[in-house]
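Undergrad: I have a structure I would like to understand better, so I am pasting it below and will then ask my questions one at a time.
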Amino acid sequence: MTSNNTGIKGTKAETLSFLTEMGFPIPKVYYFSVEDWQQNSRNILNHIKEHYHESQYLAIRSSALAEDSMLQSMAGAFDSFLNIDRNNEKAIINAISNVVKSYDDNVKNQVLIQPMIRDSVMSGVIMTKALDDGSPYYVINYDDSSGETDTVTNGLSINKTVYIYNGVKEDDFDSPYLVSAINLVLKLESVYKGIPLDIEFAIDKFEQIQLLQVRPITTSENWQHDVNALVSTRIKYLDDYVGKLMKPRPNLFGNKTLLGLMPDWNPAEMIGVIPHPLSMSLYRELITKSTWRIAREKMGYRKMPNVELMISLFGRTYIDVRNSMNSFIPEGLDATISDKLVNAYIKRLEKNPHLADKIEFDVVPTAYDFKFEDNFQKRYPGLLTRNELLKFKSAIRSLTRQAIKNTPDNSLNIALKNIEKLVRLQSIMDKPELDDPFSLSDYANTLLGECKRYGTLPFAIIARHAFIAETLIRSAIEREVITKDRIALFRRSFKTVAGELSEDFYKVHSGKMSQEDFLNIYGHLRPSSYDILSPRYHDRQDLFEGDPITPVPITTFQLTEKERDDLDILLAEEGFDLISADDLIEYARKAIVGREYAKFIFTKHLSSVLEIIASWGKIHGFNREQMAMLTLDEIKSILFSPLTKKDKKYYIKKIDKALKRYAVGSSFKLSYLIRSKRDLYVVPQQRSSPNFIGNRRIEAPIVLLDPYTNEIPDLQNKIVCIEGADPGYDWIFSRNIAGLVTKYGGANSHMAIRCAEYNLPAAIGCGEQPFERIISAGHCLLDCQRNQLEPINLI
């Protein structure tokens, strides 16, 4: 093929005509100017009928001089009409006239006629570089279900998106249709060398690909010039690193691993997909380095080797799923059984990636419940012999029974006592006036030690108990000994930190509590607990603006006599000796309330650490944006040895390097679940199944909030959209919001609990693509009864 190095010349129609001559598969092209139409419309209509005698339906498309240039695409600025009956001359005339009406007065503008592709098996749009930054990925947004060819470009349909690394190999694909699409792209790139392209295509019912349009991407001037080299160089190291992680590892069950954004401690929700280095290092220190596994060991799960839960792929955080699944094996379970289990868990998640944020409910049985054997046999038929299953059942039931028993040495009770130790430390906490980096680092280090021992470790234990309680409650509903509505009432029968916050916020507005007293209690909260850039309540000037809703009153809840009897019988049948229905309900209440309280308490220590680090930076002349790029170890390094260079120069070099690494991390397009090295090269965008809360249906405008929002917008009667969630967002519940949608989060996450308390409709963890579509639309339908979350396009 002859190359065209000077760019794409001519109109849309002229480009397609040129490419037809080059041998590209393109639906038959016929075009004419507005001037031709004005002078020879009869001849043109006759030609259309003759030229397309084999086609029942036509596409009558715009091809303006201002369209698809190297400087601007004008995509969607002019009208096109599809599925026009070739035998309906009036319809053809109307369509052509309407295309012409959408133009300016230039009679050289053209109208393009092509046959319609009917019943396509796939259609879509391909960008040969990522639109936002020019990183080296083919971005394919496609529809493989509707049979239409314009669902991607018109934005009215749910489509799929996949990122494909420019250096991909054919062996990395599962879909032959995507292979066809990429082969078409490669041929076009050989014609338009060095030009980023925007390509429309369709694959017809005979599985033949058809090129519908090609134009230059007009945003390329805004791209980082070396982004291709930065990503391409590092992806080789990524390939090698992931390959090593996927191999068997000593003292771990399972032949391979998976890497996920959302399993277990869900870093996507807690610190973001690409967190700042300081946030990541704090989360690692307080949770994912060792706290996560020590907490589980104290509850009777297996003693783990010294492995970490979270890894970083050039700044993108992932959970090592094999490590997570190993940590849910009961201590003392036979190694053969354990290995079978972990391999089966990994295989199930690998085949069902949409369960990535629901592992503890739908993949790994982390506790014994009233549907244990039914669910296990359904998910893993024939995996274990009867004897092996009985051993596993006995071990996990014993662990669960021990968790529920309300004894002094119960891990839940011990954890709650340790949280109270942290409360006492906070009540006597000195706030020394420190003015040198060494003293500030030393003080921060002391607070971190207290936070781990009396904060995040007991919180991790309490949170696991809350998961166990939730598992038991869900299975009781499935066994029909209690209804979903009754459990919803139960959740509204106790007060959590969020309820207390709402009551106190209302008191401030009614003059019964001072703003100062409120901030003394809640001032440490911030929407992103680990992020130094996320403003605290203390720092929000407009926190008390607006009209708060009247707090939701606490309901009373008691088991009915029938519920109590049925639940007692069920507990006895399932081997929970000496545990009554009332014991189980009290256990669930204590774990759920305790989890939210523990998080509220330990984040006070965490917030103090962040403010100390900000003071440390101020001494060196660094702002918060710069401090966010340093790691905890770099800030604490002065405690171990003196610096050999001038302090500021040393840290400026560290910050500059971190900024470059952070930019590269943003340019990588990685999957929400990495199953093998192939997933580094072919990356589907996440499409998750939301966790719906409640049973109400609402339609409302949306408001997007992020952790760095300083000015609080009007939220009344709006559906609030946030990426992740922790206590720092609790203030939204005082603003009379209509509903909540989060990109990340599970059925048992912080915001799921909050919404259940307030009987607020919510979709928790809807995934990347649905979230972005809702944001773009500006309005949303949230129907929790029918499990429906849809954008509403009003224009």
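Undergrad: From Glu503, Glu596, Glu563, grab the single residue that is farther than 26 Å from Leu705 by Cα and either buried (at least 16 other Cβ atoms within 10 Å of the Cβ) or modelled with pLDDT of 95 or more (or both). Spell out the reasoning first.
TA: Working: Glu503 fails: farther than 26 Å from Leu705 by Cα; Glu596 fails: farther than 26 Å from Leu705 by Cα.
When all the criteria are applied, what remains is Glu563.
Undergrad: Hand me the list of strands (runs of 3 or more DSSP E) wholly inside region 656-735 holding 2 or more residues that are farther than 30 Å from Lys247 by Cβ.
TA: Working: elements: 682-684, 691-693, 697-704, 719-722.
Because the criterion is at least 2 residues that are farther than 30 Å from Lys247 by Cβ, the strands (runs of 3 or more DSSP E) in region 656-735 that meet it are 691-693, 697-704, 719-722.
Undergrad: Can you tell me which residues in region 372-397 are open to solvent by less than 40 Å² (accessible area, probe 1.4 Å), farther than 17 Å from Ser327 by Cα and not acidic (Asp, Glu)? I'd like the intermediate steps shown before the answer.
TA: Kept after step one, since they are open to solvent by less than 40 Å² (accessible area, probe 1.4 Å), are these residues of region 372-397: 372, 375-376, 380, 384, 388-389, 392-393, 395-396.
Imposing the further condition that a residue be farther than 17 Å from Ser327 by Cα reduces the set to 372, 375-376, 380, 384, 388-389.
Passing the criteria: Phe372, Asn375, Phe376, Tyr380, Leu384, Leu389.
Undergrad: Against the condition open to solvent by 20 Å² or more (accessible area, probe 1.4 Å), modelled with pLDDT of 90 or more and closer than 28 Å to His779 by Cα, how does Lys718 come out, does it pass? Give the derivation first.
TA: Numbers: open to solvent by 20 Å² or more (accessible area, probe 1.4 Å): yes; modelled with pLDDT of 90 or more: yes; closer than 28 Å to His779 by Cα: yes.
For Lys718, the condition - open to solvent by 20 Å² or more (accessible area, probe 1.4 Å), modelled with pLDDT of 90 or more and closer than 28 Å to His779 by Cα - is met.
Undergrad: Name the residue, out of Leu610, Leu584, Leu630, Leu570, that is open to solvent by less than 30 Å² (accessible area, probe 1.4 Å), over 36 Å from the mean Cα position of the chain (by Cα) and modelled with pLDDT of 95 or more. Quick ask: steps written out before the conclusion?
TA: Details: Leu610 fails: over 36 Å from the mean Cα position of the chain (by Cα); Leu584 fails: over 36 Å from the mean Cα position of the chain (by Cα); Leu630 fails: over 36 Å from the mean Cα position of the chain (by Cα).
Checking each option against the conditions leaves just Leu570.
Undergrad: Shifting gears a bit: Are any residues in region 312-337 out of contact with any Leu (no Cβ under 7 Å at 6 or more places or on another chain), open to solvent by 10 Å² or more (accessible area, probe 1.4 Å) and under 25 Å from Ser676 (Cβ atoms), and if so, which ones?
TA: Answer for region 312-337, where residues must be out of contact with any Leu (no Cβ under 7 Å at 6 or more places or on another chain), open to solvent by 10 Å² or more (accessible area, probe 1.4 Å) and under 25 Å from Ser676 (Cβ atoms): Ser312, Gly315.
Undergrad: If you don't mind, there's one more thing I want to ask. Regarding region 407-417, can at least one residue be identified that is among the polar types (S, T, N, Q), farther than 17 Å from Arg589 by Cα and out of contact with any Cys (no Cβ under 8 Å at 6 or more places or on another chain)? So that I can check it myself, show each step before the final result.
TA: Here is the first cut: in region 407-417, the residues among the polar types (S, T, N, Q) are 407, 410-411, 413.
Then drop every residue that is not farther than 17 Å from Arg589 by Cα, which leaves none.
No, region 407-417 contains no residue that is among the polar types (S, T, N, Q), farther than 17 Å from Arg589 by Cα and out of contact with any Cys (no Cβ under 8 Å at 6 or more places or on another chain).
Undergrad: Considering region 305-344 alone, what residues qualify as being more than 28 Å from Lys657 (Cβ to Cβ) and aliphatic (A, V, I, L, M)? Show your work before the answer.
TA: As a first pass, look at region 305-344 and keep what is more than 28 Å from Lys657 (Cβ to Cβ): 305-306, 321-344.
Result: Val321, Met325, Ile329, Leu333, Ala335, Ile337, Leu341, Val342, Ala344.
Undergrad: I'd like the residue in region 633-668 that is over 31 Å from the mean Cα position of the chain (by Cα) and hydrophobic (A, V, I, L, M, F, W, C) and, out of all such residues, is surrounded by the fewest Cβ atoms within 10 Å (Cβ to Cβ).
TA: Within region 633-668, the first condition is being over 31 Å from the mean Cα position of the chain (by Cα), and the residues that meet it are 636-653.
Filter once more, keeping what is hydrophobic (A, V, I, L, M, F, W, C): 638-640, 643, 652.
Details: Ile638: 17, Leu639: 12, Phe640: 8, Leu643: 12, Ile652: 15.
Here the residue is Phe640.
Undergrad: Having 1 or more residues that are under 26 Å from Tyr522 (Cβ atoms), among the charged types (D, E, K, R) and more than 34 Å from the chain's Cα centre (by Cα) is the bar; report the helices (runs of 4 or more DSSP H) wholly within region 405-487 that clear it. Before the answer, list the steps.
TA: Details: elements: 411-427, 437-451, 457-478.
By residue number, 411-427.
Undergrad: How do the pairs read when you match residues in region 729-740 that are within 12 Å of Tyr537 (Cβ to Cβ) with residues anywhere that are modelled with pLDDT under 85 and among the β-branched types (Val, Ile, Thr), using Cβ under 8 Å and keeping only pairs 6 or more apart or on different chains?
TA: Trp731/Ile712; Ser734/Ile549
Undergrad: A further question on this structure: Looking at Leu349, Leu309, Leu278, Leu341, can you tell me which residue is open to solvent by less than 10 Å² (accessible area, probe 1.4 Å), modelled with pLDDT of 95 or more and closer than 18 Å to Pro458 by Cα?
TA: Working: Leu349 fails: closer than 18 Å to Pro458 by Cα; Leu278 fails: closer than 18 Å to Pro458 by Cα; Leu341 fails: closer than 18 Å to Pro458 by Cα.
So the residue among Leu349, Leu309, Leu278, Leu341 that is open to solvent by less than 10 Å² (accessible area, probe 1.4 Å), modelled with pLDDT of 95 or more and closer than 18 Å to Pro458 by Cα is Leu309.
Matching residues to (1) touching a residue at least 12 places away in the same chain (Cβ under 8 Å); (2) of a type in the set (A, V, I, L, M); (3) in contact with a strand residue (DSSP E or B) (Cβ under 7 Å, 6 or more places away or on another chain); (4) open to solvent by 50 Å² or more (accessible area, probe 1.4 Å):
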position	(1), (2), (3), (4)
Val497	yes, yes, no, no
Ser510	no, no, no, yes
Tyr522	yes, no, no, no
Tyr537	yes, no, no, no
Leu543	yes, yes, no, no
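Undergrad: What do you reckon, is Trp265 hydrophobic (A, V, I, L, M, F, W, C), free of Cβ contacts under 8 Å to residues at least 60 places away in the same chain and touching a helix residue (DSSP H, G or I) at 6+ places or on another chain (Cβ under 8 Å)? Write out each step before concluding.
TA: Working: hydrophobic (A, V, I, L, M, F, W, C): yes; free of Cβ contacts under 8 Å to residues at least 60 places away in the same chain: yes; touching a helix residue (DSSP H, G or I) at 6+ places or on another chain (Cβ under 8 Å): yes.
Yes: the conditions hold for Trp265.
Undergrad: Does any residue of region 24-33 turn out to be closer than 30 Å to Glu221 by Cα, β-branched (Val, Ile, Thr) and either in a helix (DSSP H, G or I) or in contact (Cβ under 8 Å) with a residue 24 or more places away in the chain (or both)?
TA: Quick first cut of region 24-33, residues closer than 30 Å to Glu221 by Cα only: 24, 26.
If we keep only those that are β-branched (Val, Ile, Thr) too, we end up with 26.
Narrowing the set further to residues that are either in a helix (DSSP H, G or I) or in contact (Cβ under 8 Å) with a residue 24 or more places away in the chain (or both) leaves 26.
Checked region 24-33: at least one residue is closer than 30 Å to Glu221 by Cα, β-branched (Val, Ile, Thr) and either in a helix (DSSP H, G or I) or in contact (Cβ under 8 Å) with a residue 24 or more places away in the chain (or both).
Undergrad: Sticking with this structure for a sec: Are any of the residues in region 372-379 modelled with pLDDT of 95 or more and not in a helix (DSSP H, G or I)?
TA: No, the conditions are met nowhere in region 372-379.
Undergrad: If you don't mind, there's one more thing I want to ask. If I ask for residues that are without any contact (Cβ under 8 Å) to a residue 24 or more places away in the chain and either open to solvent by 20 Å² or more (accessible area, probe 1.4 Å) or not in a helix (DSSP H, G or I) (or both), which ones from region 352-362 would you list? Spell out the reasoning first.
TA: Start the filter on region 352-362 by keeping residues that are without any contact (Cβ under 8 Å) to a residue 24 or more places away in the chain, which leaves 352, 355, 362.
The answer is Asn352, Asp362.
Each row is one residue, and each column tells you yes or no for (1) open to solvent by less than 20 Å² (accessible area, probe 1.4 Å); (2) among the basic types (Lys, Arg); (3) modelled with pLDDT under 95; (4) over 20 Å from Thr288 (Cα atoms).
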position	(1), (2), (3), (4)
Ile428	no, no, yes, yes
Asp435	no, no, yes, yes
Ser439	no, no, yes, yes
Leu447	yes, no, no, no
Glu450	no, no, no, no
Tyr454	no, no, no, no
Leu457	no, no, no, no
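Undergrad: Quick one: which of Ile428, Ile477 is among the hydrophobic types (A, V, I, L, M, F, W, C) and in contact with a helix residue (DSSP H, G or I) (Cβ under 9 Å, 6 or more places away or on another chain)?
TA: Details: Ile428 fails: in contact with a helix residue (DSSP H, G or I) (Cβ under 9 Å, 6 or more places away or on another chain).
Criteria check complete, one pass: Ile477.
Undergrad: Kindly list the number of the only condition in (1) surrounded by fewer than 16 Cβ atoms within 10 Å (Cβ to Cβ); (2) at pLDDT below 90 that fails for Asp68.
TA: Result: Asp68 passes all but (1).
Undergrad: Of all residues in region 579-636, how many are within 30 Å of Lys562 (Cβ to Cβ) and either in a helix (DSSP H, G or I) or charged (D, E, K, R) (or both)?
TA: Going through region 579-636, the residues within 30 Å of Lys562 (Cβ to Cβ) turn out to be 579-595.
Subsequent filtering for residues that are either in a helix (DSSP H, G or I) or charged (D, E, K, R) (or both) retains 581-595.
Of the residues in that region, 15 qualify.
Undergrad: List every residue pair whose Cβ atoms sit under 7 Å apart, with the two residues 6 or more apart in sequence or on different chains, where the first one lies in region 764-782 and is more than 16 Å from Pro684 (Cα to Cα) and the second, anywhere, is open to solvent by less than 10 Å² (accessible area, probe 1.4 Å) and in a helix (DSSP H, G or I).
TA: Ile764/Met751; Ile764/Ala752; Cys780/Ile774
Undergrad: Right, another one. When only residues in region 547-560 that are surrounded by fewer than 18 Cβ atoms within 10 Å (Cβ to Cβ) and not hydrophobic (A, V, I, L, M, F, W, C) count, which is modelled with the lowest pLDDT?
TA: We begin by selecting, within region 547-560, every residue surrounded by fewer than 18 Cβ atoms within 10 Å (Cβ to Cβ); these are 547, 549-550, 552-558, 560.
Applying the additional criterion that residues be not hydrophobic (A, V, I, L, M, F, W, C) yields 547, 550, 553, 555-556, 558, 560.
Details: Asp547: 74, Thr550: 79, Pro553: 82, Thr555: 88, Thr556: 91, Gln558: 94, Thr560: 96.
It comes out as Asp547.
Undergrad: Identify all residues within region 297-311 that are touching a residue at least 60 places away in the same chain (Cβ under 8 Å) and within 21 Å of Leu261 (Cβ to Cβ); write none if there are none.
TA: Of the residues in region 297-311, the ones touching a residue at least 60 places away in the same chain (Cβ under 8 Å) are 298-301, 311.
The one that is touching a residue at least 60 places away in the same chain (Cβ under 8 Å) and within 21 Å of Leu261 (Cβ to Cβ): Ile311.
Undergrad: Take the residues in region 210-241 that are in contact with a Phe, Trp or Tyr (Cβ under 8 Å, 6 or more places away or on another chain) and over 26 Å from Ala64 (Cβ atoms); name whichever of them is surrounded by the most Cβ atoms within 10 Å (Cβ to Cβ).
TA: Val231
Undergrad: Please go through region 688-702 and pick out each residue that is over 27 Å from Lys484 (Cα atoms) and either modelled with pLDDT under 80 or in contact with a Cys (Cβ under 7 Å, 6 or more places away or on another chain) (or both). It would help to see each step written out before you state the result.
TA: First pass over region 688-702, keeping only residues over 27 Å from Lys484 (Cα atoms): 701-702.
Across region 688-702, the qualifying residue is only Ile702.
Undergrad: While we're on this one: Determine which single condition Tyr744 fails, assuming it passes every other condition in (1) outside any helix (DSSP H, G or I); (2) at pLDDT 85 or above; (3) farther than 21 Å from Leu489 by Cα.
TA: (2)
The values are calculated or read from the model by the stated rules, or taken from the named source; none is laboratory data. As the structure is a computational prediction, the values presented were derived from the model and not from experiment. When we count neighbours, we look across all protein chains shown, and the Cβ atoms used for this are built from the backbone with ideal geometry, even at glycine. Keep in mind that these areas ignore ligands, DNA and RNA; they rest on the heavy atoms of the full protein, side chains included. Shrake-Rupley method; radii C 1.70, N 1.55, O 1.52, S 1.80 Å.
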